[in-house]
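Read the figures in this text as sums done on the coordinates, not as results from a lab. Fair warning: this is a prediction, and the values are worked out from it, not measured in the lab. In this analysis, Cβ positions are derived from the backbone assuming ideal geometry, glycine residues included, and neighbour counts consider all displayed protein chains.
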Amino acid sequence: MAKNIHVVVDDDVHERLKRIKDDHGLTWEGMLLHAAKDLDTPD
């Protein structure tokens with residue numbers, strides 16, 4: 001079953017995240033999965 005995630009951020013944060021997402025050719029889903037992987041990886 002598909003779920004939706006809704007996050008409220010300020011305009012400047014959205015622009016920063018969108019720039020990073022676009023620079024890496026990711027979708028919002030891909031961006032979130034990359035962040036989760038990085039956070040889940042032990043140092």
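How many of the residues in segment 15-43 are in contact with a helix residue (DSSP H, G or I) (Cβ under 6 Å, 6 or more places away or on another chain) and among the hydrophobic types (A, V, I, L, M, F, W, C)? I'd like the intermediate steps shown before the answer.
Here is the first cut: in segment 15-43, the ones in contact with a helix residue (DSSP H, G or I) (Cβ under 6 Å, 6 or more places away or on another chain) are 21, 31.
Still in the running and among the hydrophobic types (A, V, I, L, M, F, W, C): 31.
Residues that pass the stated criteria total 1.
Out of 34, 14, I need the residue that is surrounded by 10 or more Cβ atoms within 10 Å (Cβ to Cβ), in a helix (DSSP H, G or I), of a type outside the set (Asp, Glu) and touching a His at 6+ places or on another chain (Cβ under 9 Å). Which one?
Working: 14 fails: touching a His at 6+ places or on another chain (Cβ under 9 Å).
Step by step, each of 34, 14 is checked, and only 34 is surrounded by 10 or more Cβ atoms within 10 Å (Cβ to Cβ), in a helix (DSSP H, G or I), of a type outside the set (Asp, Glu) and touching a His at 6+ places or on another chain (Cβ under 9 Å).
Which pairs turn up if I take residues in segment 17-31 that are more than 16 Å from residue 3 (Cα to Cα) and look for partners that are loosely packed, with under 10 Cβ neighbours inside 10 Å with beta carbon separation below 9 Å, at least 6 apart in sequence or on another chain?
Once the first residue is more than 16 Å from residue 3 (Cα to Cα) and sits in segment 17-31, its partners that are loosely packed, with under 10 Cβ neighbours inside 10 Å give 21/27.
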